[in-house]
Amino acid sequence: MMMAEELRIGVFVCDCGTNIAGFLDVPEVCEYAKTLPDVVYVKENMYTCSNAGIQEIMDAIPKYRLNRVVVASCTPRTHEPLFRKACEDAGLNKFLFEFVNIRDQCSWVHQKEREKATEKAKDLVRMGVARARLLEPLEEIEIPVEKSSLIIGGGVAGMTAALSLAEQGFEVHLVERECTLGGLLNGINELYPSDRDAGALLDEMREKIEGEKRVHVYLESEVDHVDGYIGNFSVKLKGKSRDELKVGTIIVATGAQPYEPMYMYNYDEYENVITQYELERMLKEKKTGNWQKIVFIQCVGGRGERVRYCSRICCMNSIKNARLLRKLLPDAEIYIIHRGMQTYGTVYEEYVRKAREEGVRFVRVKDGIPTASSLEKRNGKLAVGFYHPGLRRKLEIDADLVVLATPLIQREDAKRISQLLKVPLGQDGFFFEAHVKLRPVDFATDGIFMAGSCRAPADINECMMQAMAAASRAAIPMAKGYVKTEPYTPTIDEERCMGCGVCVEVCPYGAMHLVEKNGRRVAENIPAACKGCGACGSSCVHRAISMGHFRDEQIMAQIDEVVT
């Protein structure tokens, strides 16, 4: 419904340095904006998102009595909250703000068409002003938050997150499917680059968990069912524990598992062909043999062989274990055959340098490692053949032990957890973050976070840092005691609703359900779970659903400006 008051729209057009001004005529766009109905003020800014640009918006709202604001600049994904806050600070309801993207959708895609880009920018501004006329003031929905958290997975990431939240005063429910905490760390001998005993770190963390009264541990248990939304999740466990929990946030820290290279390099045939993780256990249990020649083969199953990605931690694990074996077997020859070592950072590069000085031999090959996928056994030794691009000939090493460095892969139950929590998996099978840079430990679903190798292969330090980041993110709504969600939720006309349930089926967030009212089945929205995606509104054939802030009239007003 259009507001009864006189419309007074302010338009702010950003140069974005040369990102916009370098590819279209911004002054011409500004002059055009002045001709649009209800526009009473237009301003060009070098950087609208700067302190000066924000202040200009805040000053113009009371000075020119603006009741709608349109900013034509870069992307709403990163800057819309900033401009909304400026409107709010100036006394204008922040939902009376409209963002027009003339960078990503105009200047950047039409860099060699200045005149056409300028005309398109005019169209986009005209569309934005048309929609701004029909905007309505809205209020955010406030939802109470339970001050407790569920952590799925009791590895190093899960334990770190649990301790971080408990130290901040929150109740934590730590669920682990195995009979002990620690995950893969239980089988690790030493950590790189510190060379610290992994068992000592694990014992220290377990001791802290046991001494923390706010952390409740559920071993040999799994999450069976999850219902609800941020601040109000209902969780049922299965296994040894069958408790029902009420939590405000959830952190997924299920970790990953080593890939088993079946039918590769005779792994399933010869006992002296082992994986990196099996070597870790042997070193931990001090069960090394009298090996004279040891060959590490990198990227077995990774980087396109079985999975397309690089697991990142395999190279450093091989170097660490090669150095350990060099100390245990000083007369042994140790080779690492690779296609390029992934040792990022100065600390890891120093670790490689020390390995070279200690006699570990690095052999870089161009293509396959080795040239055949099987190893020939001769008198108990393994003939590892490969083409050396530096020497331009094929070499062969008679090895006593071959260690296959395989990637970490997603755990088998990841798909079940993904469906349980309604969170996505990426193309490599790992959990998919909301934004790789802006929200790296968040899921798109509010109140659910991730940490550790369930997101992507990560070393111990990275797992712990991600866990603390996830705990910090989870602590924010619990510390406040409430969250505010944007009012993009649907309004349901119960007279038109036929209770068909299509909106319930298409909602990806479980925010729609059917209820009985006055003897009829009608749809009802759960605002806290709703993300305002519009799937329900677009699928309702009875036109009983209207989306807040994205009403049909607002969208059609933009379309009419282009097609008429």
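Before moving on, here are some points about what is shown:
- Only one of the numbered conditions (1) over 26 Å from the mean Cα position of the chain (by Cα); (2) surrounded by 21 or more Cβ atoms within 10 Å (Cβ to Cβ) is not met by G154, and that is (1).
- Verdict on I409 being assigned to a strand (DSSP E or B) and buried (at least 22 other Cβ atoms within 10 Å of the Cβ): yes
- Tally, over the stretch 78-107, of residues that are closer than 19 Å to V13 by Cβ and part of a helix (DSSP H, G or I): 14
- Residue within the stretch 22-39 that is within 34 Å of the chain's Cα centre (by Cα) and among the aliphatic types (A, V, I, L, M) present: no
- Cβ pairs under 6 Å, 6+ apart, first in the stretch 40-57 and in the same structural domain as V71 (by TED's automatic domain parsing), second assigned to a loop (DSSP other than H, G, I, E, B): V40/R8; V40/Y64; Y41/Y64; V42/K34; M46/D15; G53/Y47
- Among the candidates E376, E358, the residue that is acidic (D, E) and either at pLDDT 95 or above or within 19 Å of I460 (Cα to Cα) (or both) is uniquely E358.
- Count - residues of the stretch 305-315 that are within 14 Å of A355 (Cα to Cα) and either without any contact (Cβ under 8 Å) to a residue 40 or more places away in the chain or surrounded by fewer than 21 Cβ atoms within 10 Å (Cβ to Cβ) (or both): 0
- Scope the stretch 534-564; condition touching a Pro at 6+ places or on another chain (Cβ under 8 Å) and buried (at least 18 other Cβ atoms within 10 Å of the Cβ); matching residues: A535, C536, G537, I545, M547, G548
- Taking the listed residues L201, L134, L184, the one that is surrounded by fewer than 22 Cβ atoms within 10 Å (Cβ to Cβ), modelled with pLDDT of 95 or more and in the same structural domain as V100 (by TED's automatic domain parsing) is L134, with no other qualifying.
- Set G510, G501: member being closer than 23 Å to Q419 by Cα, without any contact (Cβ under 8 Å) to a residue 24 or more places away in the chain and out of contact with any helix residue (DSSP H, G or I) (no Cβ under 7 Å at 6 or more places or on another chain): G501
- In the set (1) over 26 Å from D413 (Cβ atoms); (2) not in a loop (DSSP other than H, G, I, E, B), Y192 fails one condition alone, (2).
- One residue from A355, A383 being closer than 25 Å to L185 by Cβ and either of a type outside the set (S, T, Y) or buried (at least 17 other Cβ atoms within 10 Å of the Cβ) (or both): A355
- Residue match in the stretch 389-398 (condition: at pLDDT below 95, in contact with a His (Cβ under 9 Å, 6 or more places away or on another chain) and within 21 Å of Q276 (Cα to Cα)): no
- Against the conditions (1) free of Cβ contacts under 8 Å to residues at least 12 places away in the same chain; (2) in contact with a strand residue (DSSP E or B) (Cβ under 7 Å, 6 or more places away or on another chain), V563 satisfies every one except (2).
- Taking the listed residues C536, C540, the one that is over 27 Å from R126 (Cα atoms), in contact with a Lys or Arg (Cβ under 9 Å, 6 or more places away or on another chain), without any contact (Cβ under 8 Å) to a residue 60 or more places away in the chain and not acidic (D, E) is C540, with no other qualifying.
- Subset of the stretch 513-535 [of a type in the set (D, E, K, R) and in a loop (DSSP other than H, G, I, E, B)]: K531
- Any chance F386 is of a type in the set (F, W, Y), under 22 Å from A467 (Cβ atoms) and within 40 Å of the chain's Cα centre (by Cα): no
- The stretch 67-77 - residue that is surrounded by fewer than 23 Cβ atoms within 10 Å (Cβ to Cβ) and assigned to a loop (DSSP other than H, G, I, E, B) and, of those, modelled with the highest pLDDT: N67
- Once the stretch 421-443 is narrowed to residues that are surrounded by fewer than 17 Cβ atoms within 10 Å (Cβ to Cβ) and aliphatic (A, V, I, L, M), the residue that is farthest from R306 (Cα to Cα) is L438.
- Taken as a whole, the condition of being closer than 24 Å to D442 by Cβ and within 23 Å of the chain's Cα centre (by Cα) does not apply to M512.
- Selection within the stretch 228-276 - among the hydrophobic types (A, V, I, L, M, F, W, C) and more than 27 Å from A528 (Cα to Cα): A256, M262, M264, V273, I274
- Considering residues of the stretch 269-282 that are surrounded by fewer than 19 Cβ atoms within 10 Å (Cβ to Cβ), touching a residue at least 40 places away in the same chain (Cβ under 8 Å) and not basic (K, R) only, the residue nearest to P457 (Cα to Cα): I274
- Of the candidates R353, R303, R308, R323, the single residue that is basic (K, R), over 24 Å from G289 (Cα atoms), in a helix (DSSP H, G or I) and not assigned by TED's automatic domain parsing to the domain that holds L185 is R353.
- Of L135, L124, L66, L163, all but one fail to be in contact (Cβ under 8 Å) with a residue 40 or more places away in the chain, in contact with a Lys or Arg (Cβ under 6 Å, 6 or more places away or on another chain), farther than 30 Å from G211 by Cβ and among the aliphatic types (A, V, I, L, M); the exception is L66.
The values are calculated or read from the model by the stated rules, or taken from the named source; none is laboratory data. What you see is a predicted model, and the numbers here were worked out from it, not measured in a lab. Cβ: placed from backbone, ideal geometry, glycine included. Neighbour counts: every protein chain shown.
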